[in-house]
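One structure below.
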Amino acid sequence: MESEGLPTNENSISKENYDDEKFDRPWNTKDFDFGRPLGKGKFGSVYLAREKRSVHKAIVAIKILFKSQLQKAGVEHQFRRELEIQSHLKHPNILRMYGWFHDDSRIYIILEFACYGELYKRLKKVGRFDERTAATYMYQISDALMYLHSKQVIHRDIKPENLLLGAFGELKIADFGWSVHAPSLRRQTLCGTLDYLPPEMVENKRHDEKVDHWCIGVLCYELLVGRPPFESQSSQDTYKKIVSCYIKFPEYVSPGARDLIYRLLQKNPSERLALKDVRKHYWIVEHAEKNEEYMRYWKEVN
């Protein structure tokens with residue numbers, strides 16, 4: 001099956017002269033052929049597009065946001081922060097942002113195209129993942145979060161809806177709407193998604209990058225079970241389960257997976273498993289695939 005996001009052999013051989021003056025001009029809508037819609041959000045939509053400046057004629061995704069809607073919702077600061085953070089990130093498991101431009105009414109963000117879409121949709125389609133798939137995703141996301149934290153970036157909203165799948169089946173962190181660049185790595189605002197909130201946020205305490213460690217513990221459970229561990233009929237019951245760290249596993253979840261999840265879902269943030277140790281956890285080592293073909297491709301094009 002041919003993947004839409006990959007270059008052809010002809011394009012792979014072609015060399016681009018990036019010193020050409022055409023690359024000095026600001027982007028505009030005339031630089032792209034727009035295709036089908038990929039999704040719709042609160043403030044705009046995402047479209048498939050092909051850029052026309054380079055010899056590669058790359059397939060990209062363009063997020064189009066309406067300035068008036070961002071202003072009305074009072075999220076201009078959050079949006080500027082998202083742009084600033086994502087524009088400086090370059091990692092094989094983080095969706096690449098190539099640039100942005102705007103006109104009188106809209107903002108256009110040029111993004112890497114993840115041709116297999118949302119992890120959430122795939123999870124809902126299959127119900128739950130096998131250990132190999134879940135462990136592979138956990139390896140990739142822990143590696144991406146190690147990179148983010150090294151840049152003093154806390155994501156704060158890791159969940160299947162914010163993760164995309166690329167042409168090699170690799171995971172990509174995609175949404176940085178709640179991310180924050182915090183050199184001190186400590187914050188005190190309530191954000192993120194209810195089922196994924198760590199105890200320190202539920203109790204309105206200061207938090208640091210360890211919120212992301214909690215989130216991938218919740219993610220690992222949902223990948224293997226098909227639903228998050230603290231899901232309840234009411235928000236209040238969910239909060240109670242989170243604060244008590246009450247986790248009930250179906251019988252089919254293996255001891256190794258349970259051990260990893262328990263080590264991440266610790267109430268005390270300082271006791272949560274370090275991300276480097278997530279990658280070295282015996283369950284991950286036994287089951288995760290390294291996706292070497294994708295890594296070779298990523299290094300070639302980056």
(Q) At 0.36 nm per residue, and after removing the present C-alpha to C-alpha distance, how many nm does the segment from LYS52 to TYR282 gain when stretched out fully? (A) 78.1 nm
**Q.** Least to most buried among VAL278, VAL301 (fewest other Cβ within 10 Å first)
**A.** VAL301, VAL278
Q: Would you compute, from DSSP H runs of 4+ residues alone, the mean residue ellipticity of the chain at 222 nm, taking -39500 (n - 2.57) per run and dividing by the full residue count, rounded to the nearest 500?
A: -11000 deg cm²/dmol
Q | Gyration tensor verdict on the range 192-250 (Cα atoms; rounded if a/c is under 1.5, prolate if a/b is larger than b/c, oblate otherwise) | A | oblate
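Out of every Cα pair in the range 17-112, what percent are spaced more than 23 Å from each other?
Numbers: 1193 of 4560 pairs.
The answer is 26 percent, as a whole percent.
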Q: Whole Å is fine, so just give me how far the alpha carbon centre of the range 121-145 lies from that of the range 196-225.
A: 17
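Find me the longest stretch of the chain that has none of the exposed chymotrypsin sites (Phe, Trp or Tyr not before Pro), where exposed means in a DSSP loop (not H, G, I, E or B) with at most 13 other Cβ atoms within 10 Å. Please list the in-between numbers first.
Numbers: sites that count: TYR18, TYR246, TYR252.
Between exposed loop sites, the widest span is 19-245.
What number comes out for the charge environment of VAL225, summing +1 per Lys or Arg and -1 per Asp or Glu over other residues with Cβ under 14 Å away?
-1
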Q) Among ASP143, ASP212, which comes first, then next, by fewest other beta-carbon atoms within 10 Å? A) ASP143, ASP212
Q: Restrict the search to the range 224-256; then list the trypsin sites (Lys or Arg not before Pro) that DSSP places in a loop and that have at most 16 other Cβ atoms within 10 Å of their Cβ.
A: LYS248
Q. Once Rh is set to the Kirkwood radius over Cα pairs, what Stokes-Einstein translational diffusion coefficient, in µm²/s, holds for the chain at a temperature of 25 °C and a viscosity of 0.890 mPa s?
A. 120
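Counting other beta carbons within 10 Å of each Cβ, put SER270, SER254 in order, fewest first. All intermediate terms of the calculation are to be shown ahead of the outcome.
Details: SER270 7, SER254 14.
Least crowded to most crowded, the residues run SER270, SER254.
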Q: Considering the options TYR282, TYR239, ILE216, tell which one lies farthest towards the positive end of the dipole of the range 119-301, charges being +1 on Lys and Arg and -1 on Asp and Glu at the Cβ, about the Cα centre.
A: TYR239
Q: Please list, in chain and number order, the residues 5+ apart from TRP100 or on another chain whose amide H is under 5 Å from its amide H, with Hs placed from the backbone.
A: ILE110
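Net charge around GLU271, counting only other residues with Cβ within less than 10 Å of its Cβ (Lys, Arg = +1; Asp, Glu = -1)? All intermediate terms of the calculation are to be shown ahead of the outcome.
Working: positive: LYS210, ARG263, LYS267, ARG272; negative: none.
Once all neighbours under 10 Å are counted, the net charge is +4.
Considering only the chain, what is the antiparallel percent among its DSSP beta bridges, to the nearest 5? Kindly include the intermediate steps, with their values, before the conclusion.
Details: 33 of 34 bridges.
Roughly 95 percent of the beta bridges in the chain run antiparallel, per DSSP.
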Q | Leading residue at positive end of dipole, the chain (Cβ point charges), from TYR196, TRP27, LEU164 | A | TYR196
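Where a number appears in this text, it was derived from the coordinates with a stated rule and is not lab data. Just so you know, these numbers come straight off a predicted model, no measurement behind them. Neighbour counts are summed over all protein chains in view; Cβ atoms, including those assigned to glycine, are modelled from backbone coordinates with ideal geometry.
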